[in-house]
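Rule-based calculations on the coordinates, nothing more; no lab input. Treat the numbers as computed from the prediction; the structure is a model and nothing was measured. Cβ placement follows ideal geometry from the backbone for every residue including glycine, while neighbour counts extend to all protein chains displayed.
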Amino acid sequence: MSDTDISVLNGLIKTTLDSMKGYEDAAKDAESTQFATMFADFARDRAQVATKLQNQVRTLGGEPELDSSMLAAAHRTFMDLKQAITGKDDKAIINEVERGEDHIKAKYEDAMKDTDVSPATQAVIKDGFASVREGHDKMSALKHSIA
């Protein structure tokens, strides 16, 4: 069992669950049905990525993270406050979501550079990153399309 693999995976699980919760919040707060549907799809996608990471931790004999971080709770509180102030407009929500996407993308990129991680774990991380990159790129394009 690799403690490094488990540690790296659990860090990504937390971040991925944070992202999932962020998308769930964004889906609830979006004015546009189109955005709400898209955010809900992303939330489901992130849940699937988190499950794959959790399964890899179990395969390695570890205990997977099952919840998002306290930092995310603070971030969500801040996001709620910000939305209350900005009147929950879609542009503000998209800017917040895109900021979160930059954060999760950087976390996965760091994990993929970790040379202490086994090839099997590296493969699971790369698989998750494909989904993260797609979400990041879509949000970035969306942000620029409504700027």
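So for the chain, averaging the separation of alpha carbon pairs under 8 Å that are six or more residues apart and normalising by length, what relative contact order in percent results? Computed over the chain, the figure is 33 percent. Between the listed residues Thr51, Ile13, Thr33, the Cα displaced farthest toward the positive end of the dipole of the chain, a dipole computed from Cβ unit charges relative to the Cα centre, is found at Thr33. FRET efficiency for the Asp137 to Arg58 pair, using the beta carbon distance and R₀ = 25 Å, is estimated at 0.25. Of all lysines in the structure, those lying under 16 Å Cα to Cα from Lys126, and not within fewer than 8 positions of it along the same chain, are Lys52, Lys105, Lys107, Lys113.
Counting only Cα atoms, the size of the chain along its three principal axes is 49, 27, 21 Å, in decreasing order.
The distance between label points at Ala40 and Asp114 comes to 3.4 nm (points 7 Å beyond Cα on the Cα→Cβ vector). Just check the range 92-147 against the gyration tensor rule for me: Cα atoms, a ≥ b ≥ c as the square roots of the eigenvalues, rounded for a/c under 1.5, and otherwise prolate or oblate depending on whether a/b exceeds b/c. Cα axes put the range 92-147 in the prolate bin. So how tilted is helix 119-145 from the main axis of the chain? Cα-based, degrees 0 to 90, rounded to 10. Long axis of 119-145 versus the principal axis of the chain: about 10 degrees.
For the range 11-60, the relative contact order comes to 44 percent (Cα pairs under 8 Å, sequence separation of at least 6).
In degrees, nearest 10, range 0 to 90: what is the angle between the Cα axis of helix 70-86 and the longest Cα principal axis of the chain? Helix 70-86 and the main axis of the chain meet at about 10 degrees. Under a model in which nothing but the beta-carbon of Lys, Arg (+1) and Asp, Glu (-1) is charged, the chain shows a dipole of about 160 debye around its Cα centre. Counting only alpha carbon atoms, the long axis of helix 90-113 and the longest principal axis of the chain meet at about 10°.
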